[in-house]
Amino acid sequence: MRNSLYKKNIISINDLKRDELELVLKKSAILKKKPEPNLLKNKIIASCFFEASTRTRLSFETAIYRLGASIIGFSDGNNISLSKKGESLADTISVISSYVDAIIIRHPQEGSARLATEFSNSIPIFNAGDGSNQHPTQTLLDLFTIKETQYRLNNLNIAMVGDLKYGRTVHSLTQALAKYKKNKFFFISPDALTMPNYINDMLLEKKISWTRCQNIEEIISEIDILYMTRVQKERLESTEYANAKSKFILNTKTLKNARSNLKILHPLPRIDEIDYAVDYTPYAWYFKQAANGIYARQAILSLVLVEKHFK
Amino acid sequence: MQINKLQVEAIKCGSVIDHIPSQIGFKLLSLFRFTETEKRITIGLNLPSKKLGKKDIIKIENTFLSEDQINQLAVYAPCATVNYIDQYNLVGKIFPTLPKKIDRILICPNSNCISHDNCINSSFIFIKKLDKNMNLKCQYCEKEFSKNIVLS
């Protein structure tokens, strides 16, 4: 199998073709079953976190160590030359690219990872989240988890709940699942936080079915995946937030008519949108989803940095 | 046409951007950085036009606009024509067509987009919508905007 991801920048899920997604999922599954601790031996990877993101950073770093690579970098943009001395992002990336084999970048501004590719001297860039834009490795781990639990990525009914307006994970996941056939989407959100038009238009253009619903109960018996997200307090008026969050709290009662194969996913952190009692049901999969982040990130790092993988 | 010739001096050699909608001429001068050149530029504003009622016109001496520059004009001045002049004679007439992509000219409306940084040039691609309207998508932040929002 040809590895078309070799030396590629991983900036946006939209840049990946369906067969490239498949390649990552296949490699993730292999690495989950059979670790390859020397696959990236002698490689040095920079982990450049210009804003804090503990889970993503630790997940990437674990993936790097499990593949035998070394890591340099920083976890807080406030304490580096860029902020202290006024160095530009372009110069920072240009210099770091001369030290390492790949750069992972997390940055608060949208488009920063794409910009980094212009100054990295062909060293691959991995986007670990650029503002509210993209977080492609999150989507890869979401896809891996869905495939692992449902055994397919087509012909699925997927409900997305919470902040659909600003939640980049739901945007990217919808874009990725739209590459597969016969998936149906159900969107459940406060009126102020509905899915943006460009996502709805994309589904319409691809003739993919989507429905806006009022609550989870009305579709719980139809869905295979329930993707919960946090309603962000900082985006809403206090009364609007109180109404919105109480409307979309998932508890065991909501799951009464759920299909046996239903899996609940969440990009985490959870605040109070999923009742803790749900954790003990067979539907709760968000912690296993987070654990899968290691394999998906191992897969994408190794595919980009090593040409040959499959016989 | 005779009236325009009287109002804006003819050029011996160079490009004439004609049929620019009135009020847009000055915008084009700054957006396309025509003012950054050392070449002699003549500009006519609010001239009478059979086609548009009123129009602006820009004449740039000893400069022939590239195909990219001409097509980017179509974003702001879809009816514009670009005439190439040599020895006071018309030697070429080009009608701009909307390009697939537009670099440098526009500013991303997303205030958190990295393209606002000084060392970066903006870059947008045109997306045709189902309702035949045109959207512009920022190549950096990947946000899509209606054409009017980006151009305003």
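Structural remarks
- FRET efficiency, A:Ser238 to B:Asn133 (Cβ-Cβ, R0 35 Å, nearest 0.05): 0.40
- Partners for B:Lys132 among aspartates and glutamates (Cα-Cα distance below 13 Å; same-chain residues under 8 apart left out): A:Asp201, A:Glu205
- Percentage relative contact order, the stretch B:101-151, counting C-alpha pairs under 8 Å, at least six apart: 33
- Set of the stretch A:20-53 residues, backbone N closer than 20 Å to the point 7 Å along the Cα-Cβ line of A:Asp91: A:48-51
- The protection proxy used here, the mean number of other Cβ atoms lying within 10 Å of each residue, ranks peptides A:192-198, A:106-112, B:95-101 as follows, highest first: A:106-112, A:192-198, B:95-101.
- Listed pairs A:Lys245/B:Lys147; A:Lys233/A:Lys263; A:Lys17/B:Lys137; A:Lys26/A:Lys207 exceeding 30 Å between Cα atoms: A:Lys245/B:Lys147
- Taking a straight line from the alpha carbon of B:Lys59, these lysines sit under 17 Å away, with near neighbours fewer than eight places off in the same chain left out: B:Lys5, B:Lys12, B:Lys27, B:Lys39, B:Lys93.
- Treating r as the C-beta distance of A:Glu218 and B:Ile149 and R0 as 45 Å, the FRET efficiency rounds to 0.80.
- Contact order relative to length of chain A, as percent, for alpha carbon pairs under 8 angstrom and 6 or more apart: 22
- Contact order normalised by residue count of the stretch A:1-99, Cα under 8 Å, 6+ apart, percent: 23
- Rg/Rh ratio calculated on Cα atoms of the protein assembly as shown (Kirkwood radius): 1.06
- Annotation: the residues B:Cys113, B:Cys119, sorted from fewest to most other C-beta atoms within 10 Å of their own C-beta, follow the order B:Cys119, B:Cys113.
- Inter-label distance, B:Phe95 to B:Phe126: 1.4 nm, where each label sits 7 Å from its Cα along the C-beta direction.
- Using R0 = 30 Å, the C-beta based FRET efficiency linking A:Tyr6 and A:Asn38 works out to 0.95.
- Partner aspartates and glutamates for A:Lys147 [C-alpha distance under 17 Å; skip if fewer than 8 residues away on the same chain]: A:Asp19, A:Glu20, A:Glu22, A:Asp224
Values in this text are rule-based calculations from the coordinates and carry no lab data. Here the structure is a predicted model, which means the values were calculated and not measured. As a convention, Cβ positions derive from the backbone with ideal geometry for all residues, glycine included, and neighbour counts pool all protein chains shown.
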